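Colleague: Can you keep this structure in mind? I'll have questions shortly.
Values in this text are rule-based calculations from the coordinates and carry no lab data. Everything numeric here is computed off the predicted structure, so don't read it as measured data. Please note: Cβ atoms are built from the backbone with ideal geometry, for glycine as well, and neighbour counts cover all protein chains shown.
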Amino acid sequence: MATLRDIQRRIRSVQSTQKITRAMKLVAAAKLRRAQERILAARPYAGKMGELLGNLVSAAGSDGAPHPLLEQRQGPRRQIVIITADKGLAGAFNSNVIRRALELVRQSNVAEVTLVVVGRKARDFYRRRQWTIKRDLIGFWDRLAYSHASELADYFMQQYLDGEVDEVHLVYNEFRSVAVQRPVREQLLPIPRKTEGEADAASVDYLYEPDPRAILDELLPRHVRTQVFRALMESLAGEYGARMTAMEAATKNAKDMIDVLTIQFNKARQEKITKELLDIVGGAEALKQGSES
C-alpha cells in the first residue's frame, strides 16, 4: 500500500504537469487567435482567385493549346505533399493527416511516388519507411510567411514543368473550428479545370488586356503559391486549435487525478491516525491493567 509520502509525491508531480498543460493551453489559445484571423482573411481571396481562373482557363482553352500548368498527363508519377506539425501534444492532429496520406501513398505505385514532407512529425514517420522523400521542410511554423509557400510552390511547378512528376497532391488538416480539424486531399498540379456545367454557371464575360494567355502566365503560378500558403495556414491554425483542446482535456484530467489522490491521502492519513489512537488506547489499557494487578 502506498505511504503518505508516496501519495504526496504523486500529487506534487501531477500538479506540476497540470501547470505545464495549463500554460501550453494559454499559449496555444493566444497563437490560435492570430492564425485564425489570417486563415479567415485568406479564404475569400483564394476562393475568388479560383473562380476567376475558371473563366480565364475556359477563355484561354478555346484559343489554342492549354497552359503547361493545366496539361493533363497520363503518367503514373505522383508527388504527395504531406503537411504536419513539428511538435506533438496536439491530440490526433498529426496521426489523422499521416493516416490519410498513407492511404493515398499505398494506392500509388511505390516506384512512381515521391514525397515532400512538411513538418517534423511527417518526416520522422516516413523516413523509416520505403518511400522516397524528395524534400523536407521543418522548423519554420513559428515564423510562417508567404516566402515559405512561394519557395515550395515554385519547387513543385518546376518539377512539373520539367516532366519529373505528373501529379502533385496536398494532404493537410483543414481548420474547421477550435475542436475540429479535417484531413483533406487536394490536387495542386495540374490545376484542376472546372466541369462544363460549373464553367457555364460561373461564366463571366471579361475584357482581357493584353490577352487571356498572357494573364494566365502571370496568374496561374500565383494561384499555386496561394493554394500552398492557404494549406500551410490551415494546418497551422488547426495545430493550435488541436493543441489547445488537447491541453484543456489534459488539465481537466490532471485536476480529476489530483482530487482522487487527495481523497486517497486523506483516507490513508485518517487510517494512520486511527491506528495510532488505537495503539495509545491499547497501551494505556495495558498500563492500567498492570497497575491494578
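Colleague: Provide the gained length on full extension for the span ALA23 to GLU285, in nm with one decimal, where the gain is 0.36 nm per separating residue minus the Cα-Cα distance.
Modeller: Length gained between ALA23 and GLU285: 88.7 nm.
Colleague: Springs between alpha-carbon pairs under 10 angstrom, Gaussian network model over the chain: which of GLU71, GLU112, GLU209 fluctuates most?
Modeller: Residue with maximal mean-square fluctuation among GLU71, GLU112, GLU209: GLU209.
Colleague: Further, regarding this structure: Cα to Cα, under 24 Å, and not fewer than 8 places away if on the same chain: which lysines meet these conditions relative to LYS31?
Modeller: LYS19, LYS87, LYS121, LYS252
Colleague: In terms of Cα to Cα distance under 16 Å, which aspartates and glutamates are near enough to LYS267, apart from those fewer than 8 places away along the same chain?
Modeller: Hits, sequence-local ones excluded: ASP6, ASP259, GLU276.
Colleague: Under a crude label model (7 Å from the Cα following the beta-carbon direction), how far is ASP217 from LEU4 in nanometres?
Modeller: My value for the distance between the label points is 8.5 nm.
Colleague: Compare ILE82, ILE11, ILE98 in a GNM of the chain, Cα atoms joined below 10 Å, and give the one with the largest fluctuation.
Modeller: Checking each option, the largest mean-square fluctuation is seen for ILE11.
Colleague: Fully extended, how many nm does the chain gain between ALA179 and GLN158 (0.36 nm per residue separation, minus their Cα-Cα distance)? Before the final figure, lay out each step's value.
Modeller: On the way: separation 21, 0.36 × 21 = 7.56 nm, distance 3.70 nm.
3.9 nm is the gain from fully extending ALA179 to GLN158.
Colleague: Spelling out what I want: for every residue of the range 123-136, take phi, set θ = phi - 60°, compute 6.51 cos²θ - 1.76 cosθ + 1.60 (Karplus), and round to whole Hz; glycine and proline get x.
Modeller: 4, 5, 6, 8, 6, 9, 10, 7, 7, 8, 8, 6, 6, 10
Colleague: Further question on the same structure: Towards the positive end of the charge dipole of the chain, with charges on Cβ (+1 Lys, Arg; -1 Asp, Glu), say which of ILE138, ALA30, ALA2 has the farthest Cα.
Modeller: ALA2
Colleague: Next question. Among ILE39, ALA85, ALA101, flag the residue with its Cα farthest along the positive direction of the charge dipole of the chain, charges on Cβ as +1 for Lys/Arg and -1 for Asp/Glu.
Modeller: Going by the charge dipole, the pick is ALA85.
Colleague: If you don't mind, there's one more thing I want to ask. Which residue fluctuates most in the GNM of the chain (Cα springs below 10 Å): VAL165, VAL228, VAL281?
Modeller: Comparing VAL165, VAL228, VAL281 in a Gaussian network model of the chain, the most mobile one is VAL281.
Colleague: As a check on your grasp of the helix formula, calculate [θ] at 222 nm for the chain: sum -39500 (n - 2.57) over DSSP H runs of n ≥ 4, divide by the residue count, round to the nearest 500. Present the calculation step by step, with values, prior to reporting the outcome.
Modeller: Numbers: 6 runs with 183 residues, N = 293.
Mean residue ellipticity at 222 nm (helix-derived): -22500 deg cm²/dmol.
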